[in-house]
Amino acid sequence: MSVPPLTILSISEGSSLILLLPSQSAGHIDPGESTAKKTPTMKILVAIKRVVDYAVKIRVKSDKSGVETLNVKMSMNPFCEIALEEALRIKQSGLASEVVAVSMGPSQCVDTLRTGLAMGADRGIHVESTASLYPLTVAKLLKALVDVEKPGVIILGKQAIDDDCNQTGQMVAGLLGWPQGTFASKEARLSRLKKLRIVNFRQISWLALEVYALDVGVLLDTEKQVATVEREVDDGLETLCLDLPAVITTDLRLNQPRYATLPNIMKAKSKVIKKYTPQELNVEVKSDIEIVEVTEPPKRKAGVIVSSVDELIDKLRNEAHVI
Amino acid sequence: MRETEPKRVECVAAALSRSQIGITSGYDCSLLNNVQSDSSPPETIDKITSLPLGNGGRNPQLYRSFGSLATKVERNPSFSSLNSDDLSYFKGVLGEKNVVQDEDRLETANIDWMHKYKGFSKLLLLPRNTEEVSKILEYCNSRRLAVVPQGGNTGLVGGSVPVFDEVIINVGSMNKIIAFDKVSGILVCEAGCILENLISYLDNQGFVMPLDLGAKGSCQIGGNVSTNAGGLRFVRYGSLHGNVLGLEAVLANGDVLDMLGTLRKDNTGYDLKHLFIGSEGSLGIVTKVSILTPPKLSSVNIAFLACEDYLSCQKLLSEAKRKLGEILSAFEFLDSHAMDLVLNHLEGVRNPLSSAVHNFYLLIETTGSDESYDKEKLEAFLLHSMESGLISDGVLAQDINQASSFWRIREGVPEALMRAGPVYKYDLSLPVEKMYSLVEEMRARLGQSANVVGYGHLGDGNLHLNVSAPRYDDTILAQIEPYVYEWTSKHRGSISAEHGLGLMKANEIFYSKSHGTVQLMASIKKLLDPNGILNPYKVLPRSLLSYS
């Protein structure tokens, strides 16, 4: 397949996303279709989770059945905040028409959704369930919502800070049969260009490499229906090119989420939050996992002051067994 | 040039940090900017260059040779000097390792955290209980050895470091929590407990300390009580005069005064504990305190707002008191100059408000028991204020991380000022409507020569007026003092809202207190500490205290 020449249509400042569209000379694109696509129609679905606030000291319940959440400050999972921020930036750069935030769990999830709406999401969806929701269930519920909402991209935090599962994004991609770009990160720097491993970069790699000079992490091509995601791996950065629709999960360094401003809080008040139950989405809430016990990590032992080097060596050898 | 301004040259026992070396005069601590051994003395001052201070200034007696320059603070000749018998007595009482003569450890105890005041004590004592404090004081009193009580040494007015060779009594080892009553919320603890440790202890119990301040990681409750520290939650929980239910103090002669009540109501005779709250260790050493602590409420909301003029800030304050009354827990302000400093000098701090530059920034915190009710209430209040034009922009923290980043801006102002260079600090209580006029007048007076910054506890009418200068400079100082004090006095304000008088403002007390009142204070001092050994040269004007 021949590669059509591409032009960069828009670069929005502050956004890590660039829209790539074939230039007018590209023969295989129908001109009518091209004009029609100038107004974006893509919808982005963002999953946001309500968790114990990142700054709260976690306490284990006395019966070891879980973590105490009663009278504890709850907030949006920080990774989800980043996911939402990325979706909002994509929309601001003119590539998406709507950002829909989804949260699942008890009725208080509405507060988290309100935060999302105050940040700038257009609509909210609350799947209400008082039962514990595990990643597979959440993935199934998201898949059911995809059938209703038909988004072009789903963006999720790479994991939630409460259970640290890091599974939902991968599972929903698997269930939908969509490609996935996990741990999207915007650590691209020109100096790091050489370290990049280009994986499955397809035909637009030459252009993407040029774009690195602009210090941009994520690329989306709505015309060709591909997204390029840059992710951190052990030995540097990896760049993936995904067919749309796709699932993207976000890592910490992708962006810095915005604050909820008073004007946006005001606007959020009139935004709609639609409620579903798992039954309405035909998903059975069950778990194949049983939590046996939750315990605190062992307390750090107090240090001792040794009186001589010999004593230190003795302790290192016979107590710590490290030499 | 100094001789023309003798009034301001008060603090001879002061050291300035490296950045200040080479200047001709500092603020109220003018002369001894060359105590650091590796620094060369300022050549412009002949008298100083001949002083043997380059070796760490270990001969305080020589200060007197300053003549008229040093008349304001002279070492009281009635005080004895340490001898080896004293040391063996202290070692007998406290044990070898709690009698510190190590130079490095003394160095830390001799200098305040701003590096503005430096004493030359050769002895640091670390008592572990009230009895030991009592024995030390009884002995020092009989020997006429002057002492300086010390806690976390985070004071801002030179009250917690020696001026000359006073023996430092640091109560940091007395850091036990004695009792906590979960029903009444009354905490009884020793004076050396670090405020932050008490905060986290109480947090585990579901309570909060009624005071919170930037120095919480180092400051100790005994010092807080002795200074009557104010801080960030004052607007909600009020003064320590209300929250401290009782205390134990050791008098100069070693007598232990047990006033460690845990009663909210007790009208039996004179309530003498109040004498020790805010007297800066000049009447006795506080060794234990009992404090009423409020229950910790689950819902905390914080908004960071922008106002375009000071009148709007005032209106917002009175509206907030009316509409958020029962949940309002902080109402802080900073001006755009303070904001610029924070953004330029502190790492990782960003302005939460993206658009344009604003003239004033406010931080409003609410603390209540119902998350959604409180949030709704605060939002409604803010949206209304925005519609009526009082607020030009604002953000509401959505999680604790965001909340801390808002607090970081307000709490980071002093730190940013320190990094910016020399700073003249004034802690003033003023009528709210007059408060900012002083900042504007100072700005006009000083013009381009210095950066005048205003911030503080608007909700309490407490202004922190700070003048950030390229160097400590007599001409700048002459523009500020006594103007600031006179201005404050004229508007019936206080020249010390929450920092105390210490060494810095001991002689300025008359700007805020009448002669008769100060005279009575001196009589009380005389009664409780006839030899004047407790924290000498501080709090009260030197002229009133004659030592015999």
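The values are calculated or read from the model by the stated rules, or taken from the named source; none is laboratory data. Note that the structure is a prediction, hence the values are computed from the model and not measured. Don't worry about glycine lacking a Cβ; one is built from the backbone with ideal geometry, like all the others, and counts go over all protein chains shown. Heads up: the accessible areas ignore ligands, DNA and RNA and are worked out on the full protein's heavy atoms, side chains in. Shrake-Rupley method; radii C 1.70, N 1.55, O 1.52, S 1.80 Å.
Only residues that are of a type in the set (D, E, K, R), over 27 Å from A:Pro78 (Cβ atoms) and modelled with pLDDT of 90 or more were counted across region A:254-290, and they come to 2. Every condition in (1) within 20 Å of B:Ala229 (Cβ to Cβ); (2) in contact with a Leu (Cβ under 6 Å, 6 or more places away or on another chain) is met by B:Gln479 except one, and the failing one is (1). The helices (runs of 4 or more DSSP H) found entirely in region B:154-248 that carry 1 or more residues being within 24 Å of B:Val99 (Cβ to Cβ) are B:221-227. Filtered by the rule that a residue be within 10 Å of chain B (Cβ to nearest Cβ), among the charged types (D, E, K, R) and open to solvent by 20 Å² or more (accessible area, probe 1.4 Å), region A:46-78 gives A:Lys57, A:Arg59, A:Lys73. If you check A:Leu113 against the conditions, is it under 25 Å from A:Val283 (Cβ atoms), modelled with pLDDT of 95 or more and out of contact with any Lys or Arg (no Cβ under 8 Å at 6 or more places or on another chain)? For A:Leu113, the condition - under 25 Å from A:Val283 (Cβ atoms), modelled with pLDDT of 95 or more and out of contact with any Lys or Arg (no Cβ under 8 Å at 6 or more places or on another chain) - is met. Scanning region A:90-140 for residues that are within 14 Å of chain B (Cβ to nearest Cβ) and part of a helix (DSSP H, G or I) gives A:Gln92, A:Cys109, A:Val110, A:Asp111, A:Thr112, A:Leu113, A:Arg114, A:Thr115, A:Gly116, A:Leu117, A:Ala118, A:Met119. Determine whether B:Ile409 is within 10 Å of chain A (Cβ to nearest Cβ) and aliphatic (A, V, I, L, M). No. Quick one: in region B:426-445, of everything that is surrounded by fewer than 17 Cβ atoms within 10 Å (Cβ to Cβ) and touching a residue at least 24 places away in the same chain (Cβ under 8 Å), which residue is nearest to B:Gly500 (Cα to Cα)? Of everything passing the filter in region B:426-445, B:Pro431 is nearest to B:Gly500 (Cα to Cα). Entry remark, region B:164-195: residues being open to solvent by 20 Å² or more (accessible area, probe 1.4 Å) and of a type in the set (A, V, I, L, M) number 5 in total. The set of residues in region B:373-403 being more than 7 Å from chain A (Cβ to nearest Cβ), under 21 Å from A:Arg50 (Cα atoms) and in a helix (DSSP H, G or I) consists of B:Tyr373, B:Asp374, B:Lys375, B:Glu376, B:Ala403. Scanning region B:338-357 for any residue that is closer than 27 Å to B:His241 by Cα and more than 14 Å from chain A (Cβ to nearest Cβ) turns up nothing.
The lone criterion from (1) touching a residue at least 60 places away in the same chain (Cβ under 8 Å); (2) surrounded by 21 or more Cβ atoms within 10 Å (Cβ to Cβ) left unmet by B:Leu198 is number (1). Restricting to region A:273-290, name every residue that is open to solvent by 90 Å² or more (accessible area, probe 1.4 Å) and not charged (D, E, K, R). Within region A:273-290, A:Gln279, A:Asn282, A:Ile289 qualify. Taken as a whole, region A:270-283 holds no residue that is among the basic types (Lys, Arg) and within 14 Å of chain B (Cβ to nearest Cβ).
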